[in-house]
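Below you'll find the structure, written out as structure tokens, and then a few comments.
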Amino acid sequence: MPGPHATVPAMSPFSHARPNILTGSPLDRASLRRDDDAWVDARRADPASLFLLLWRSESLVWDDAGVVRAALLSGAEAAALSESHDWAFLGLLGGDWPQGRAVFAVDLGSDEDKPPVLPRADLRFADLRSVAAMAEPSEAAVLGHARGLLHWRARHRFCGVCGGHCVPTSAGNTARCTQCGTSHFPRTDPAVIMLVERHGRVLLGHANRFPGNMYSTLAGFVEPGESLEEAVAREVREETGVLVGAVRYHSSQPWPFPASLMLGFHAEGLTEEITPEPGELRDARWFSRAELRDPDAAGIALPGRISIARRLIEDWMEQA
Ligand SMILES: [Zn+2]
């Protein structure tokens, strides 16, 4: 019987030397099977299936000698906690069915007064954002998938067209309005994040919302009618006054806090003078590689290792 110690294997279909954290899910999303209600119902009742639980958007995990692992419960364990809650099919683990085991996410809701009674003492709920850096990488990706999908479900219970009630379809991966029939799909909000370089130095900012003395790459949401390159140039100009030339794609990272896709770029700075936008930034400066190699001496902190911002900075430092 699979318990919390039945865990997602470390294998990954991706071949990146250094994949971004929250990428590399080993699940086959099996999207062609999701619309087969009978198959999905049979998988929900299948004792081989695995269930990831979330409560108040926090993920159920356990600690394995310093590594945070996803807790994958059996259907019986999950049902004891989750009978009337939202769920979604995430995919198949270990190949196509019947070899692969179905993995579901279950939302226990957000009732702070009634925390779920957990079946085992070694389980706990944790904010993925704070534990992802310590998590087994492929499991962190699956937890991010679950968090993003269930967050969308919880925040889109009503139709944006007519205000009618929406019901889940496609095993919880889409929704349909019971009143006007409109189909609704999970939102992913594209955001550009960019490291701007000029003459061997890069532009980092301290946003008003940043803790301590952290400096990071600039970032912002893509707006309607805008290409990614245009969004990069606009955000940098608006936030710092610096003009941007060539823009080169680096990598991307799902960022389910709550619904972003971070699109990472390296960009060429055409001008040097910085005018921080006070509504966004408390400060912005150009930093050399030497300064970033010793951030303590420079009086700054770099963004956390979970973030693509850190990856953009580290890859640039390694280019020298
Ligand atoms: Zn509607």
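The values are calculated or read from the model by the stated rules, or taken from the named source; none is laboratory data. Quantities reported herein were computed from a predicted structural model and do not represent experimental measurements. Quick reminder, even Gly has a Cβ in these numbers, built from the backbone with ideal geometry, and neighbours come from all protein chains shown. Just so you know, the surface numbers come from the protein's heavy atoms only, side chains and all, with ligands and any DNA or RNA stripped out. Shrake-Rupley method; radii C 1.70, N 1.55, O 1.52, S 1.80 Å.
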Write out, first by first residue and then by second, each pair whose Cβ atoms fall under 6 Å of each other, whose residues are 6+ apart or on separate chains, and whose first residue, in the stretch 172-192, is outside any strand (DSSP E or B) while the second is of a type in the set (Ser, Thr, Tyr) and within 16 Å of the ligand (Cβ to nearest atom). Phe185/Thr174
Can you pull out the residues in the stretch 226-257 that are assigned to a loop (DSSP other than H, G, I, E, B) and of a type outside the set (S, T, N, Q)? Glu226, Gly241, Val242, Leu243, Pro256, Phe257
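Mind checking which residues of the stretch 223-244 are of a type outside the set (Ser, Thr, Tyr) and open to solvent by 30 Å² or more (accessible area, probe 1.4 Å)? If you could, list the steps in order and put the result at the bottom.
Step one: list which residues in the stretch 223-244 are of a type outside the set (Ser, Thr, Tyr), which gives 223-226, 228-239, 241-244.
Scanning the stretch 223-244 gives Glu223, Pro224, Gly225, Glu226, Leu228, Glu229, Glu230, Arg237, Glu238, Gly241, Leu243.
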May I ask you to list the residues in the stretch 151-185 that are among the aromatic types (Phe, Trp, Tyr) and within 16 Å of the ligand (Cβ to nearest atom)? Phe158, Phe185
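Taking Leu32 as the residue in question, decide whether it is among the aliphatic types (A, V, I, L, M) and surrounded by 20 or more Cβ atoms within 10 Å (Cβ to Cβ). Steps first, please.
Numbers: among the aliphatic types (A, V, I, L, M): yes; surrounded by 20 or more Cβ atoms within 10 Å (Cβ to Cβ): no.
Against the criterion (among the aliphatic types (A, V, I, L, M) and surrounded by 20 or more Cβ atoms within 10 Å (Cβ to Cβ)), Leu32 does not qualify.
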Please enumerate the residues belonging to the stretch 266-299 that are in contact with a strand residue (DSSP E or B) (Cβ under 7 Å, 6 or more places away or on another chain) and assigned to a loop (DSSP other than H, G, I, E, B). Leu270, Glu272, Ile274, Pro276, Glu280
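If you check Thr188 against the conditions, is it under 30 Å from Ala38 (Cβ atoms), more than 16 Å from the ligand (Cβ to nearest atom) and surrounded by fewer than 17 Cβ atoms within 10 Å (Cβ to Cβ)?
Working: under 30 Å from Ala38 (Cβ atoms): yes; more than 16 Å from the ligand (Cβ to nearest atom): yes; surrounded by fewer than 17 Cβ atoms within 10 Å (Cβ to Cβ): yes.
In short, yes.
Of Leu263, Leu312, which residue is assigned to a strand (DSSP E or B) and open to solvent by less than 40 Å² (accessible area, probe 1.4 Å)?
Numbers: Leu312 fails: assigned to a strand (DSSP E or B).
Being assigned to a strand (DSSP E or B) and open to solvent by less than 40 Å² (accessible area, probe 1.4 Å) holds for just one of Leu263, Leu312, which is Leu263.
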Which numbered condition trips up Gly144, out of (1) open to solvent by less than 50 Å² (accessible area, probe 1.4 Å); (2) part of a loop (DSSP other than H, G, I, E, B); (3) of a type outside the set (A, V, I, L, M)? (2)
Answer with yes or no whether Ala65 is surrounded by fewer than 20 Cβ atoms within 10 Å (Cβ to Cβ), over 25 Å from the mean Cα position of the chain (by Cα) and of a type in the set (A, V, I, L, M). no
Using beta carbons and a limit of 7 Å, which pairs, at least six apart or on different chains, have the first residue in the stretch 113-130 and open to solvent by 50 Å² or more (accessible area, probe 1.4 Å) and outside any strand (DSSP E or B) and the second one of a type outside the set (D, E, K, R) and modelled with pLDDT under 90? Pro119/Ala80; Arg120/Pro4
Which one is farthest from the ligand (Cβ to nearest atom), of the residues in the stretch 191-227 that are of a type in the set (A, V, I, L, M, F, W, C) and over 14 Å from Ile313 (Cβ atoms)? Phe210
